[in-house]
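Asks: Dumping the structure here so I can ask a few things about it.
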Amino acid sequence: QVQLVESGGGLVQPGGSLRLSCAASRSIFSIYSVGWYRQAPGKQRELVAFITSGGSTNYADSVKGRFTISRDSAAKTVYLQMNSLKVEDTAVYYCKAAIATMQYWGQGIQVTVSS
């Protein structure tokens, strides 16, 4: 079993930055792929950014050039650096770690972009 805990959310003004962290209970991120997802009220959960076990990354078009996904060398934490935040980035953000048929979700963290 793996526990994932997100942190770093909060309230920020448009144009501001936040860095989300997804901390795992074990060093798994060298073998698990990780995705950051978000769900806004009344909307479906969507994939925002993705990093493979090999370190390749991919982003939703809506966040390309503004968000960066990375992981630490200990393979226990994955980050989502969010710059130039917009009101429409407001959502609950979740991280998910997956390998083969196994997947683990964090509990989610609120990000609110508002003036």
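Any read-out appearing in this document is the output of simple, stated calculations on the displayed coordinates, not a laboratory observation. Source: prediction; values computed, not measured.
Asks: Count, please, the residues in region 76-91 that happen to be of a type outside the set (F, W, Y) and under 10 Å from the mean Cα position of the chain (by Cα).
Replies: Number satisfying all stated conditions: 4.
Asks: Looking at region 94-115 only, could you name the residues that are in a loop (DSSP other than H, G, I, E, B) and more than 13 Å from the chain's Cα centre (by Cα)?
Replies: Matches in region 94-115: A100, T101, S114, S115.
Asks: In addition: Anything in region 61-115 that is within 19 Å of L11 (Cα to Cα) and among the acidic types (D, E)? List them, or say none.
Replies: E88, D89
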